[in-house]
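So the structure is just underneath, and the comments pick up after that.
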Amino acid sequence: MSELRKANTDSTYFLTFTVVGWIDVFTRSRYCDVIVDSLNYCMEHKGLDVFAYVIMPSVENEQGESRSEWMLHMFKYYAKFKEQYKVYQFWQKTSHPIELISHEMIDQKMDYIHENPVEAGLVVDPTSWNYSSANALSPLKVLVT
């Protein structure tokens, strides 16, 4: 997230966080809950504002598939190419920040975020995806716009 250090922190940004190698981590609720808990902590204690979000798998997997050893191997593999990571790298280096400079841009990105699970064929209605701010029962306490 080094590119945000140079950004105007008073602005609103659209960010995309991607797991290295598009490793499909977010196929289970417990993994999504870790992200939600971390974001809720940062919102409560670090001043982070979140207006919309979605957590999605890269692809669908078979139920009960255990891939933890393979995932750890892959996170270690990606880390070895970067000095800043001691053992593992989870996120790709850039979050591709886009400064949202108008209400129209904010609305467009929020629609894009909420429509992602529909476009991926995971649900037919964005409000049905559990890990999305489009869902009224979302586990993340987003700001109301």
(request) Residues being over 14 Å from SER138 (Cα atoms) and among the aromatic types (Phe, Trp, Tyr): count how many of those fall in segment 32-61. (result) 1
(request) Select from segment 92-119 the residues that are outside any helix (DSSP H, G or I), out of contact with any Asp or Glu (no Cβ under 8 Å at 6 or more places or on another chain) and either at pLDDT below 90 or β-branched (Val, Ile, Thr) (or both) and list them in ascending order. (result) GLN92, LYS93, HIS96, ILE98, ILE101
(message) Quick check on segment 106-120: of everything there that is more than 15 Å from the chain's Cα centre (by Cα) and without any contact (Cβ under 8 Å) to a residue 60 or more places away in the chain, which residue is surrounded by the most Cβ atoms within 10 Å (Cβ to Cβ)?
(response) VAL118
(message) Can you tell me which residue is modelled with the lowest pLDDT among those in segment 1-55 that are part of a loop (DSSP other than H, G, I, E, B) and of a type in the set (Ser, Thr, Tyr)?
(response) THR9
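The values are calculated or read from the model by the stated rules, or taken from the named source; none is laboratory data. Just so we're clear, the structure is a prediction, and the values are computed from it rather than from any experiment. Note that we place each Cβ from the backbone using ideal geometry, even for glycine, and neighbour counts take in every protein chain shown.
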